[in-house]
Number of protein chains: 2
Amino acid sequence: MHRGQRRRRVTIKDVAAAAGVSYQTVSKVLNGQGSVAPETAQRIWEAARRLGYRPNVTARSLRKRATHLIGYSWYPISPDQTNPILDKFLSSAVRAAEEAGYHILLFPTEPDQDPADSYGRLVETNRVDGFILSTTNYDDPRIRYLLDAEVPFVAFGRSGPDLRFPYVDVDGRAGLRAAVHHLVEQGHRRIAFLGWPPSSRQGSARRNGYLEAMAQAGLPVDPEWIRVGEHRVTDGRRLTQELLALPQGRRPTAVAAVSDLLAIGAMQAARDAGLRLGAEFGVTGFDDTPGIQHLMPPLTSVRQPVWEAGQRIVEMLIALLRGETPEEREVLLEPRLIVRASSVKPGES
Amino acid sequence: MHRGQRRRRVTIKDVAAAAGVSYQTVSKVLNGQGSVAPETAQRIWEAARRLGYRPNVTARSLRKRATHLIGYSWYPISPDQTNPILDKFLSSAVRAAEEAGYHILLFPTEPDQDPADSYGRLVETNRVDGFILSTTNYDDPRIRYLLDAEVPFVAFGRSGPDLRFPYVDVDGRAGLRAAVHHLVEQGHRRIAFLGWPPSSRQGSARRNGYLEAMAQAGLPVDPEWIRVGEHRVTDGRRLTQELLALPQGRRPTAVAAVSDLLAIGAMQAARDAGLRLGAEFGVTGFDDTPGIQHLMPPLTSVRQPVWEAGQRIVEMLIALLRGETPEEREVLLEPRLIVRASSVKPGES
DNA sequence: AGAGGCGGGGCGAACGTTCGCCCGAACGTT
DNA sequence: AACGTTCGGGCGAACGTTCGCCCCGCCTCT
């Protein structure tokens, strides 16, 4: 309350003096430990309130050997793009963390950096208690390091089957299944897939979803329909041009892409070929990047439950830090297909 | 180097024992203070390296009364949008901070929250040494509080003229001047302005830029051409429809918008009215939001030097924290117009 | 009446640093 | 020979908590 005194901050000892007890007793009361007479406790609380006492988190950290800080690093991506989910993910995680008395510390990583350097440093100097990892992939060196060093962490995304660790991930397979399902319902029979190279863990999950949905619908898959490129518009465009160059009977009438950027490229290629999007050529993307609803036509896409992911990850990590074992160590969240005009034939509702 | 011992971390005392000196001497050597014989220093450095000593930042913080942590809060925005610059800004700030041995702590704020609560708490509990503020506006309560409490901070954005504080801002006035300039060069004479309500500090700077450029070009400004709305596509669309409903001679042939979302709305309205974008109706936006280069046609926009802003802000804040006075306390950065097809008449180069 | 139990609270120590003071030896000066 | 300076390094204390132990007095039970 009092904003008067600038310099010297009020400590537990000031409170003790004001309440006429030893400072250790104040600590007990404020932390609700030990047995203290109700009237004494009352006096102490009141003194603390009156003096505007705030515990010094640094001293507490030193004593308890826990900083209540969680490290989060992400790979900043190329300058012409935005991370579509960073904002929401961070908001979610930060909020969940705060509710448990934790805060989130950002730190920079270059993808090709030795994790022992950046992650190790941070934990060895007692900067953070644990980590949130994102953008995981097969054989992620960070995962190996953290497991090896026994540092608590939770990942946003899975890795290879040989590594067991707590994670939350979005079921990309189900997402692509839903997209293909929807295209089939729209009457498409020849549906192509724009994917990422096989080295991408997410890419192969989504690819499996595509294959499953096609099989489920009893539709054959021409090997030519499965094409891979980088996460770039130009690649989506090029790959789709190749698809449209296939002979009449093998030429797909729709594509399901693993990312919105690829899907945007597909839309461009289809338009260039004189096809009416939606009516003659269906396109779906992935991520529901903000802005794609303003494309012409608006792009159908798979939206990840980013908010929930942030919440769950933080909850799991904090449970870990408290020494509890979370009920689930491996969580898979369902994404949701957002249908827009790029994949809908005008005739049908 | 040794990843062997898990539990007990190596402290300064271990190093001292290994080097055969008192632990305070180790501290002196590692911090380069006091005078120590070269051979002894050598011995100490070597022991530290061999044992893999890492200073405990918590203990150091406690003693030095400085956490080397910087707080950053931002207002998470509505779910259907992405903050176009958060990713890059954070990368930049985090990197600059790390170079100086600082880290960045995220914390959540609701816009209508009492700053004394969130900001005050963080600094009173010694969580952070200072703050970075973003999305400032006139009469920002956070600024008042931080000035009042004498907490070091640097803002990304200005406020009213009555508050003096260190900031870095992008010159929105110059940005709009450039946009209007460009439209004039494209042959437009009747140019409208899509703005934000007058309560927005950024909005009025950009509005001034529009007015200045029009005056400079010797063009009259019809009051009907200045329209305000919220940061939404639908508003941009509605406002532009109103503009296009003006009688022949007063109807603008181009609009300069204060944000990409408004500009996208303007593009939609123009297209709905049967106008060919670029050729018959010019549109410019602001922010260079990722993705707008994929619109049809790609949208001309004003790009902010976000990376540089992050760097400068952190540098200033750290200077402040070190007790130095930064050379400049008020920095204005030039934005850059990125010209795309939405504002260019096909005939001209 | 003495033993045992329990509620209430004090006290020393520790967490891992940094800071400032002091002391002894070596050296050079008057 | 006595004195002042400088260098090298030790030592106590402090930063603000929390933890565990101990002690005291009162109540209760045998």
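Of the residues that sit in region B:16-57 and are within 7 Å of DNA strand C (Cβ to nearest atom) and polar (S, T, N, Q), which one is modelled with the lowest pLDDT?
B:Gln33
Name the residue that is farthest from DNA strand D (Cβ to nearest atom), counting only residues in region B:18-40 that are of a type outside the set (Ser, Thr, Tyr) and over 44 Å from the mean Cα position of the chain (by Cα).
Going residue by residue through region B:18-40, those that are of a type outside the set (Ser, Thr, Tyr) are B:18-21, B:24, B:26, B:28-34, B:36-39.
Imposing the further condition that a residue be over 44 Å from the mean Cα position of the chain (by Cα) reduces the set to B:18-21, B:36-39.
Values: B:Ala18: 13, B:Ala19: 9, B:Gly20: 7, B:Val21: 4, B:Val36: 4, B:Ala37: 3, B:Pro38: 7, B:Glu39: 7 Å.
Once the filter is applied, the top-ranked residue is B:Ala18.
I'm told B:Ser159 meets every condition in (1) assigned by TED's automatic domain parsing to the domain that holds B:Leu246; (2) touching a residue at least 40 places away in the same chain (Cβ under 8 Å); (3) crowded, with 21+ Cβ neighbours inside 10 Å except one. Can you identify the failing condition by its number?
(1)
Looking only at residues that are more than 10 Å from DNA strand D (Cβ to nearest atom) and among the hydrophobic types (A, V, I, L, M, F, W, C) in region A:49-72, which one is farthest from the other protein chains (Cβ to nearest Cβ)?
To start, the set of residues in region A:49-72 that are more than 10 Å from DNA strand D (Cβ to nearest atom) comprises A:49-52, A:67-72.
Those left that are additionally among the hydrophobic types (A, V, I, L, M, F, W, C): A:51, A:69-70.
Details: A:Leu51: 12, A:Leu69: 8, A:Ile70: 10 Å.
Only one residue fits best here, namely A:Leu51.
Taking the stated definitions as given, is B:Gly323 modelled with pLDDT under 95 and crowded, with 18+ Cβ neighbours inside 10 Å? Let's see the steps before the verdict.
Working: modelled with pLDDT under 95: yes; crowded, with 18+ Cβ neighbours inside 10 Å: no.
Taking the combined requirement at face value, the residue does not satisfy it.
Among the candidates B:Thr58, B:Thr11, single out the residue that is surrounded by fewer than 19 Cβ atoms within 10 Å (Cβ to Cβ), of a type in the set (Val, Ile, Thr) and without any contact (Cβ under 8 Å) to a residue 60 or more places away in the chain. Give the steps one after another, and end with the answer.
Details: B:Thr58 fails: surrounded by fewer than 19 Cβ atoms within 10 Å (Cβ to Cβ).
Testing whether each residue is surrounded by fewer than 19 Cβ atoms within 10 Å (Cβ to Cβ), of a type in the set (Val, Ile, Thr) and without any contact (Cβ under 8 Å) to a residue 60 or more places away in the chain leaves just B:Thr11.
Condition check ((1) more than 15 Å from B:Ala270 (Cβ to Cβ); (2) of a type in the set (D, E, K, R)) across all residues:
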| site | (1), (2) |
| --- | --- |
| B:Ser204 | yes, no |
| B:Asn208 | yes, no |
| B:Leu211 | yes, no |
| B:Met214 | yes, no |
| B:Pro220 | yes, no |
| B:Arg227 | no, yes |
| B:Arg238 | no, yes |
| B:Gln241 | no, no |
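Could you tell me whether any residue of region B:203-211 is part of a loop (DSSP other than H, G, I, E, B) and either in contact with a Lys or Arg (Cβ under 9 Å, 6 or more places away or on another chain) or touching a residue at least 24 places away in the same chain (Cβ under 8 Å) (or both)? If you could, list the steps in order and put the result at the bottom.
To start, the set of residues in region B:203-211 that are part of a loop (DSSP other than H, G, I, E, B) comprises none.
Checked region B:203-211: no residue is part of a loop (DSSP other than H, G, I, E, B) and either in contact with a Lys or Arg (Cβ under 9 Å, 6 or more places away or on another chain) or touching a residue at least 24 places away in the same chain (Cβ under 8 Å) (or both).
Among the residues of region A:116-129, write down those that are away from DNA strand C (no atom under 16 Å from the Cβ) and surrounded by fewer than 20 Cβ atoms within 10 Å (Cβ to Cβ). Spell out the reasoning first.
Taking region A:116-129 and keeping what is away from DNA strand C (no atom under 16 Å from the Cβ), we get A:116-119.
A:Ala116, A:Asp117, A:Ser118, listed by residue number.
The values are calculated or read from the model by the stated rules, or taken from the named source; none is laboratory data. Every value quoted in this text rests on a predicted model; they were computed, and no experiment measured them. FYI the Cβ positions are ideal-geometry reconstructions off the backbone, even for glycines, and counts take in every protein chain you see.
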